[in-house]
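Asks: Input: one structure, supplied below.
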Protein chains: 2
Amino acid sequence: MSNSSYSQFCPVAMAAEILSPRWTLVLLGEMLSGSTRFNEIRRGVPRMSPALLSKRLKELEVAGVVERIGSNADFPEYHLTERGRELRPIIMSIGAWAQKWIDTDVAMEKLDAQLLMWNMRRNLNPDPMPRRRTVVQFIYPELPPREKHWWLIVEPGQDVDLCSIDPAHDVDLYITTNLKTMTKAWMGHTSLSKEVADGAILLTGDPVLSRSITQWIGSSSLACAYVGPRA
Amino acid sequence: MSNSSYSQFCPVAMAAEILSPRWTLVLLGEMLSGSTRFNEIRRGVPRMSPALLSKRLKELEVAGVVERIGSNADFPEYHLTERGRELRPIIMSIGAWAQKWIDTDVAMEKLDAQLLMWNMRRNLNPDPMPRRRTVVQFIYPELPPREKHWWLIVEPGQDVDLCSIDPAHDVDLYITTNLKTMTKAWMGHTSLSKEVADGAILLTGDPVLSRSITQWIGSSSLACAYVGPRA
DNA sequence: CGGGATCCGTAAAGATACTG
DNA sequence: CAGTATCTTTACGGATCCCG
């Protein structure tokens, strides 16, 4: 690889050797979002083959951008080094550039319910929710059966759980909409409140949960770079 | 290509489809430095094959980052669109990240006299030079004959000329050094004045030209992002 | 000389399957 | 959970050639 490199002393070229290989930028974005376990990363980058993911992680480790922690008995975790964390403003500005310049309609041709739900699961903020188990069911009527129903299960003190098969719990809030609307709202292309007001997103169930939805539902960690403050 | 894409709605993934293909970042860096003609770009990115350069330019045109001007009789020029020019801070911050984190010694293994001289030619500032033809000869004693001698010919009102064969003009200033020192100075890794003071760069000839060297010799357009102001 | 197109061999990536 | 193994497809690099 170092042989087939750009062979330029220009720093951009040297950075490109690290950042340009296919999937690398997306992978770094996923790691900046906090994924550390192999299969956790896989779910965030579902179309990347495990072989390639493994290879990229090793390359980034050699480049000093990623470090593997836990070589002992337990399963390894992958963390960004300081060198890797300092890529955050770059990745964010790339995202902001794309948000500004890439046609939204084109972007919205690449919807993926599982990916969206997995990202929502990660960014959901349980703090404003009731201090009991809370179940939110998403319904995308236009999707095929396997992707139509999703459940987010929030239990105090635990990680949020995502299911695509009915967990047979009482549901506190139903969210009925189409995938495009939900994705746009979550990406910050449109306002969740506005879509609810327009009837494009239908909330049924607990009115308290319903009213506080903008507090707990989160948004793309990149969206904060585009639309406004949300640390 | 749009078929083999990342298929992620994440804006970083969409930008990566444009920015990640091999050579694209380096090419954009070269265009941000001002190259507009096909072979002019080639000289800045000498290891990129013309076929691939042509392909990349077309892809970037489709992406709306580059526009081709002059489809008429004369030769086409390639310019960045506004969308492309807004990549400048991103490319610059990538360069700054590399400058900070990538080992200088590793970087300095990829020296290329022709590329360095071509970049120096471009960034040389004739304004502080005398209002007559001025010839500067570079001598890299350690290099093989073909790369040992370089001439920059500055004529008022004309583009700077670069020769690797003796143009048989009177030489106003000789610069004798090794390629590594010259590259590091030009990249901003070290100070030109310091290398001259240390004797690592030897200046022979016109003392006026010699004293004003930091005014006209320029530096990497990326170096300004690292070391200090030089618009 | 500028601006490519073509052909071909190699290297990387994708799709699936399988394992400790 | 955390990866390999294998096979096919695509992309890339290098050389050559073409045309105005």
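Asks: Shielding by partners for A:83-94, please: the mean number of other protein chain Cβ atoms within 10 Å of each residue's Cβ.
Replies: Averaged over the peptide's residues, the number is 4.
Asks: Wrap a convex hull around the Cα atoms of the stretch B:142-213, take a quarter of its surface area, and give that in square nanometres.
Replies: On the way: hull surface 22.2 nm².
The directionally averaged projection comes out at 5.5 nm².
Asks: Compute the orientation-averaged projected area for the stretch A:1-133 from the convex hull of its Cα atoms and round it to one decimal in nm².
Replies: 11.6 nm²
Asks: Who wins for biggest fluctuation among A:Lys194, A:Lys180, A:Lys110 in a Gaussian network model of chain A, springs between alpha carbons below 10 Å?
Replies: Judging by the Gaussian network model, the answer is A:Lys110.
Asks: On to the next question. Give the average, rounded to an integer, of partner chain Cβ atoms located within 10 angstrom of each Cβ in A:44-52. Before the final figure, lay out each step's value.
Replies: On the way: counts 2, 4, 2, 5, 2, 0, 0, 0, 0.
For this peptide, the per-residue mean of nearby foreign Cβ atoms is 2.
Asks: Using only alpha carbon pairs under 8 Å that are at least six residues apart, calculate the relative contact order of chain B and give it in whole percent. Show your work: numbers first, answer last.
Replies: On the way: 283 pairs, mean separation 35.4, N = 231.
Reported as a whole number, the value is 15 percent.
Asks: Something else now. What ³J(HN,Hα) values, in whole Hz, does the Karplus curve 6.51 cos²θ - 1.76 cosθ + 1.60 give for the stretch B:139-148 when θ = phi - 60°, with x put for Gly and Pro?
Replies: Here the 3J(HN,Hα) series is 10, 10, x, 7, 8, x, x, 5, 10, 6 Hz.
Asks: Also, I was wondering about something else. I want the local charge near A:Leu173. Using Cβ-Cβ distances under 12 Å, sum +1 for each Lys or Arg and -1 for each Asp or Glu among the other residues.
Replies: Values: positive: A:Arg211; negative: A:Asp170, A:Asp172, A:Asp206.
Neighbourhood net charge equals -2.
Asks: State the percent of C-alpha pairs, over all pairs in chain B, separated by a distance greater than 33 angstrom.
Replies: Numbers: 6267 of 26565 pairs.
The answer is 24 percent, as a whole percent.
Asks: If you split all Cα-Cα distances of the stretch A:95-231 into 5 Å bins from zero, what percentages do you get per bin, shortest first?
Replies: Bins of 5 Å from zero give 2, 10, 20, 24, 22, 14, 6, 2, 0 percent of pairs.
Asks: With chain A rotated onto chain B, spot the residue of A whose Cβ lies nearest the axis and note the distance in whole Å.
Replies: A:Ser20, 3
Asks: Next question. To the nearest whole number, what is the average tally of beta carbon atoms from other chains within 10 Å of the beta carbons of peptide B:53-59?
Replies: On the way: counts 0, 0, 0, 0, 0, 0, 0.
Averaged over the peptide's residues, the number is 0.
Asks: Could you tell me which of rounded, prolate or oblate describes the stretch B:95-162, using a ≥ b ≥ c as the square roots of the eigenvalues of the alpha-carbon gyration tensor, with rounded for a/c under 1.5 and, failing that, prolate when a/b is larger than b/c and oblate otherwise? Intermediate values should be presented prior to the final figure.
Replies: Details: a/c = 3.34, a/b = 1.55, b/c = 2.16.
Oblate is the answer for the stretch B:95-162, as a/c is 1.5 or above yet b/c matches or exceeds a/b.
Asks: I've got another one for you. Taking only Cα atoms and a 10 Å spring cutoff, compute GNM fluctuations for chain A and point out the largest among A:Pro21, A:Pro11, A:Pro76.
Replies: Sorting by GNM fluctuation, first place goes to A:Pro11.
Asks: Oh, and also: Grab every C-alpha pair in the protein assembly as shown, bin the distances at 10 angstrom width from 0 up to the longest one, and report whole percents.
Replies: Each 10 Å bin holds this share of Cα pairs: 4, 18, 24, 21, 15, 10, 6, 3, 0, 0.
Asks: Need the list of lysines near A:Lys184 for cross-linking: C-alpha distance under 17 angstrom, and skip anything on the same chain fewer than eight residues off.
Replies: Partners within reach: A:Lys100, A:Lys110, A:Lys194.
Asks: Give me the distance between the Cα centres of the stretch B:83-111 and the stretch B:116-191, rounded to whole Å.
Replies: 24 Å
Asks: Based on the Kirkwood radius over alpha-carbon pairs, what is the Stokes-Einstein translational diffusion coefficient of the stretch B:1-67 at 37 °C with 0.692 mPa s viscosity, in µm²/s?
Replies: D = 263 µm²/s.
Read-outs: derived from the displayed coordinates by stated rules, not from any lab. Note that the structure is predicted; figures quoted are calculated from it, not measured. All Cβ positions, even for glycine, are placed from backbone atoms using ideal geometry, and neighbour counts span all protein chains on display.
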